[in-house]
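Comments concern the structure below.
The values are calculated or read from the model by the stated rules, or taken from the named source; none is laboratory data. Remember, it's a predicted structure, so these values are computed and weren't measured experimentally. Cβ: placed from backbone, ideal geometry, glycine included. Neighbour counts: every protein chain shown.
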Amino acid sequence: MVKVLIITKNLLAEQKLQSILQRSNEEVYCSSDLMIDAQFYPQIIQYFSLVIFSDTISTLDVSKCCSFFKKNGLTVIRKGNKDDLKKSEFPYLIDNIDDWITKEISDTDIIEIITKQTNEKSTASLSLDKERNKKNSELFFFNLSSNERKFLYHLHQHQKAGKVLSREKLCYSIWKTEVTTSNLCQLSNLANRIKKKLTINQFPDGELITSWNKGYLLGELLFKEIQKYMN
């Protein structure tokens, strides 16, 4: 379900548009106040994914608040004529408006515009998320110390074979010495530092799990990323 905000100075004038969108199972909210108050309530604006500026809103008013809605991640649609905007004092706004609803447009075309813009935004958002996740992973592995890398590598090798690596065996794998209380303490410190770096680089919670009396377990995402960046 797409959450649509219609900005209008006449709520009654948008009843038809509201009805069209609701028939296609969209959640629609009409407001005359949020155009002016938007900057004071960004948490409300971010609830919506798409804003439609009614033709009851002047181009001057749109120019004053359009960038704020775009900055908060909303797709911007304008009721009116693109050619009229080109002839106005605000032709630069064309680059900020994602699509248009003209007077001649059919009900079906309106729904198609909403669907198209929603799909494009979802695709762009997914691409951005993938790029962001890749960057986070690269930074995470780049900032690991030698012993932190050994910790994750040996853990991954055993988990790949379907085994749980005990704390004692992990200590020996890293330091190649007899296990001592000091080693076990250092191991806990390594685990805590890795968890902090995972948090800093926006990995989800639970990617390095402490299993008492057993050892440590890798979450699904961290397991895959280790295979990608450390093998």
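Of the residues LEU5, LEU34, LEU74, LEU85, which is surrounded by 14 or more Cβ atoms within 10 Å (Cβ to Cβ), at pLDDT below 85 and closer than 19 Å to ASP98 by Cβ? Walk me through it before giving the result.
Values: LEU5 fails: at pLDDT below 85; LEU74 fails: at pLDDT below 85; LEU85 fails: at pLDDT below 85.
None of the others qualify; the one that does is LEU34.
Out of all the residues in segment 161-173, is one or more under 25 Å from ASN133 (Cα atoms), touching a residue at least 12 places away in the same chain (Cβ under 8 Å) and outside any loop (DSSP other than H, G, I, E, B)?
To start, the set of residues in segment 161-173 that are under 25 Å from ASN133 (Cα atoms) comprises none.
No.
What number of residues in segment 133-149 are surrounded by fewer than 13 Cβ atoms within 10 Å (Cβ to Cβ), in contact (Cβ under 8 Å) with a residue 40 or more places away in the chain and more than 18 Å from ASN189 (Cβ to Cβ)? Please lay out each step first, then the result.
First, pick out the residues of segment 133-149 that are surrounded by fewer than 13 Cβ atoms within 10 Å (Cβ to Cβ): 134-135, 142-143, 145-146.
Those left that are additionally in contact (Cβ under 8 Å) with a residue 40 or more places away in the chain: 143, 145.
Right, trim to more than 18 Å from ASN189 (Cβ to Cβ) and you get none.
Residues meeting the conditions: 0.
Does segment 175-226 hold any residues that are out of contact with any Pro (no Cβ under 8 Å at 6 or more places or on another chain), over 16 Å from ASN147 (Cα atoms) and either aliphatic (A, V, I, L, M) or not assigned by TED's automatic domain parsing to the domain that holds HIS154 (or both), and which are they? Give the steps one after another, and end with the answer.
First, pick out the residues of segment 175-226 that are out of contact with any Pro (no Cβ under 8 Å at 6 or more places or on another chain): 175-218, 220, 222-226.
Okay, now just the ones that are also over 16 Å from ASN147 (Cα atoms), so 178, 180-181, 199-207, 209-215, 217-218, 220, 222-225.
Listed by number, the residues that qualify are ILE200, ILE209, LEU217, LEU218, LEU222.
Taking only segment 150-167 into account, find how many residues are among the basic types (Lys, Arg), surrounded by 15 or more Cβ atoms within 10 Å (Cβ to Cβ) and either closer than 13 Å to LYS214 by Cα or not assigned by TED's automatic domain parsing to the domain that holds LEU208 (or both). Write out each step before concluding.
The initial filter retains those residues of segment 150-167 that are among the basic types (Lys, Arg), namely 150, 160, 163, 167.
Of the ones still in play, those that are also surrounded by 15 or more Cβ atoms within 10 Å (Cβ to Cβ) are 150, 167.
Now drop any that are not either closer than 13 Å to LYS214 by Cα or not assigned by TED's automatic domain parsing to the domain that holds LEU208 (or both), which leaves 167.
So the count comes out to 1.
Please indicate, with yes or no, whether at least one residue in segment 29-44 is closer than 12 Å to ILE114 by Cβ and of a type outside the set (Phe, Trp, Tyr). Reasoning before the result, please.
Within segment 29-44, the subset closer than 12 Å to ILE114 by Cβ is none.
Taking every residue of segment 29-44 in turn, none turns out to be closer than 12 Å to ILE114 by Cβ and of a type outside the set (Phe, Trp, Tyr).
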